[in-house]
Amino acid sequence: MDLPTTFGPGGPIARKLRQYEERREQSEMALAVQNAIRSRSHLIVEAGTGVGKSLGYLIPAIEAAVEMGEKIVISTHTIALQEQLIEKDIPLLQAALGQEFAAVLVKGRSNYVSLRRLKVAAARPLSLFHDPREHEDLDRVQNWSTLTNDGSLADFEREPSRDVWSAVRSEHDNCLGRDCPTHDACFYFKARRRAQHAQILVVNHHLYFSDLILRAAGAEILPEHSIVIFDEAHTLDSVASEHLGWKVTRGMVTWLLNSLMHEDHGHGVLAYLGAGDCAAPVDRARQECDKFFAELRTWREQQAPPNGRIDGKLPFEVRLPDALRRLSQSMREFLPRVNSKEHEIELVARAGRAEEIADSIDVLTTADVEGCVFWAERNDARPTAPVELVGAPIDVGEKLRSMLFAKKRSVVLTSATLSVGRDRSFAHLRQRLGVDEAAELRLGSPFNYRDQVKIHVPRSMPEPGREEGAWEKALADRVVEYATRTGGNAFVLFTSLRTLDFVYRQSKDALEAAGLVVLKQGEGLPRTKMVERFRKQGGCVLFGAESFWQGVDVPGEALQNVIITRLPFPVPSHPLVEARSDLIKARGGDAFLEYSLPEAVLKLRQGFGRLIRRASDHGIVVILDSRVLTKKYGNVFLQSLPDCEVIVD
């Protein structure tokens, strides 16, 4: 495939798009990806907003699939990008290039309904479900299952309750395989067959890392492949930490026990199997669950370090794992009395889940896995907030080096934000992800940021942390000032929900008095609905935290102002941040310069990137943190942003 011709003004893409603009950066990216695939090497590509990086990697991926017979996996972080690839970009290229190839969106197994489990649940709904609304949900799932072609939740107009879906979804350890009477009609296995025959597979990062972990244990989710392209690669570190670690919550244990035999009304799997012998072990496990999480909360509040870090075996007796294993054993002992293979595998699956949770609790409460950090985490600042047990590897790069980069022939990492500083170094990314050998390419944006964006930094702001009360009050005043300056159309991005709540309360009346519509994260509307309202209504000021810094796309006049309230440094006391900093110090490094600063710069670049999404966009970015002016490291933040005029107010 001649890439310059393909991307050229008279090429096949230009002939398909009415307003096609040739972008040199896009062609450069495609050539680099093509070379990495052909030379069996890894590649890091930073492609600024507007480059059109999806076509930049899709075209060489299609070439490798069609001409070289390769199976290509493309992994993204957000659903929005997956939908763009499957519904827009890939169909465009299929039509433009005239190449015959199959591309599919691969979803996790739990997204699909199991026809066999649905039939079992429908036969005994009164034993499984107590709430009439759950019976209605089950009826809706039954009707839908006869009409859907996809069989996944994405095809469902209104999702059923969690309990109903968990009773009918497809599960790895609750599957009869070819022995299942519904195997030929099974939606999940139909999807697997499509994936086996497709050349391009689109997945999300969570599914990909689940596959990596299963492969280490001799199983798999995805078909064999040697080439993978990670878009939105700046999120890989956090996704890898989550999947390579452990997490146990009270809700997980309670949900398992209630699915077996509900504590209020007795419905559940054991009820419809008539397994009365297991009732006592369920009650015992429930008592131990209550006791364990109560003692964990007490330890967290009275004895633990302020950040909840667990440095050794917890100083109280932990009996919950034994209770879960006894429950599992009682279910296995009941198996000879089960009169069908379908009911037997249902029970085996729940017994296995109880054992998995027990094993995780053992790991988390002894904290003796080398290279990992463990902690008891509160969901939020409320005194009654649930306490969760969490564990994660300190250095995911070490694991990814052996599990991913050493196993795959070609791995491409791309995003608009991968580098840090004036020299746009990838050193931080390489260290985080364990990338030893890879070609590098940095591509700026084709947008004219100098004309489209002005950065405002108020000099007189108090420094956060030193004068917290004064800083928060000044923050509210400045938010009102800058949000009204643009007639709303503003995102206000926070690093703390507590600060978000304070500034919202302090500024809401003044903003509304100026005729602006104020939206706040956590006030009922889910993120997608908030963004939809923001985009359509106009004149809105949206107060958002973590999930609004990235993956939100609002092109056009609706967004003309991004207000960043604080430089987004990782919280130094967070156990994982603390452990990673300790590791860097032990190696003789500077934890602030090598970890905290690069992490904050990358996140700031993501927040900045919300503003300009197309060539006609314009607006201001306001940084309400005076440290970008007063600290030596402040320049690193400004140098890492696109070339814009910086106005010190």
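Just a few scattered comments:
- Test result for Asp173, modelled with pLDDT of 90 or more and either part of a loop (DSSP other than H, G, I, E, B) or surrounded by fewer than 16 Cβ atoms within 10 Å (Cβ to Cβ) (or both): no
- Residue check for Leu433: farther than 30 Å from Ser259 by Cα, crowded, with 19+ Cβ neighbours inside 10 Å and in contact with an Asp or Glu (Cβ under 9 Å, 6 or more places away or on another chain): yes
- Selection of the stretch 173-230 for residues being of a type in the set (Asp, Glu) and either touching a residue at least 60 places away in the same chain (Cβ under 8 Å) or in contact with an Asp or Glu (Cβ under 8 Å, 6 or more places away or on another chain) (or both) yields Asp173, Asp179, Asp211, Glu220, Glu224.
- Scanning the stretch 497-544 for residues that are in a loop (DSSP other than H, G, I, E, B), under 15 Å from Tyr482 (Cβ atoms) and in contact with a strand residue (DSSP E or B) (Cβ under 9 Å, 6 or more places away or on another chain) turns up Leu516, Gly539.
- Ala154 being within 30 Å of Ala61 (Cα to Cα), in contact with a helix residue (DSSP H, G or I) (Cβ under 9 Å, 6 or more places away or on another chain) and not in a strand (DSSP E or B): yes
- Yes/no for Val120 being touching a Pro at 6+ places or on another chain (Cβ under 9 Å) and in a helix (DSSP H, G or I): no
- Scanning the stretch 223-249 for residues that are touching a helix residue (DSSP H, G or I) at 6+ places or on another chain (Cβ under 9 Å) and closer than 16 Å to Arg409 by Cα yields Pro223, Ile227, Val228, Ile229, Phe230.
- Listing of helices (runs of 4 or more DSSP H) fully contained in the stretch 558-649 that carry 2 or more residues being farther than 24 Å from Gly539 by Cα and among the basic types (Lys, Arg): 575-586, 597-608
Every residue, every condition in (1) surrounded by 22 or more Cβ atoms within 10 Å (Cβ to Cβ); (2) over 30 Å from the mean Cα position of the chain (by Cα); (3) at negative phi, yes or no:
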{"position": "Ser210", "(1), (2), (3)": "no, no, yes"}
{"position": "Leu214", "(1), (2), (3)": "no, no, yes"}
{"position": "Ile221", "(1), (2), (3)": "no, no, yes"}
{"position": "Asp231", "(1), (2), (3)": "yes, no, yes"}
{"position": "His234", "(1), (2), (3)": "yes, no, yes"}
{"position": "Ala275", "(1), (2), (3)": "yes, yes, yes"}
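- Here Glu317 clears all of (1) acidic (Asp, Glu); (2) without any contact (Cβ under 8 Å) to a residue 12 or more places away in the chain; (3) in a helix (DSSP H, G or I) except the condition numbered (3).
- A Cβ distance below 6 Å, combined with a sequence gap of six or more or placement on separate chains, defines the contacts here; from the stretch 30-48, residues that are free of Cβ contacts under 8 Å to residues at least 40 places away in the same chain reach residues that are not β-branched (Val, Ile, Thr) in the pairs Ala30/Leu3; Ala30/Gly56; Ala30/Pro60; Leu31/Leu3; Gln34/Pro60.
- Selection of the stretch 436-451 for residues being touching a Cys at 6+ places or on another chain (Cβ under 9 Å) and surrounded by 19 or more Cβ atoms within 10 Å (Cβ to Cβ) yields only Tyr449.
- When residues in the stretch 579-602 are screened for being open to solvent by 60 Å² or more (accessible area, probe 1.4 Å) and out of contact with any His (no Cβ under 9 Å at 6 or more places or on another chain), 8 of them pass.
- Members of the stretch 55-72 that are of a type in the set (Val, Ile, Thr) and part of a helix (DSSP H, G or I): Ile59, Ile62, Val66
- Any chance Ile86 is part of a helix (DSSP H, G or I) and under 25 Å from Ala416 (Cα atoms): yes
The values are calculated or read from the model by the stated rules, or taken from the named source; none is laboratory data. The structure presented is a predicted model; accordingly, all values stated were derived computationally and were not measured. For neighbour counting, all protein chains shown are included, and Cβ atoms are generated from backbone atoms with ideal geometry for every residue, glycine included. Each accessible area value is taken on the protein alone, full model and side chains, heavy atoms only, with ligands, DNA and RNA left out. Shrake-Rupley method; radii C 1.70, N 1.55, O 1.52, S 1.80 Å.
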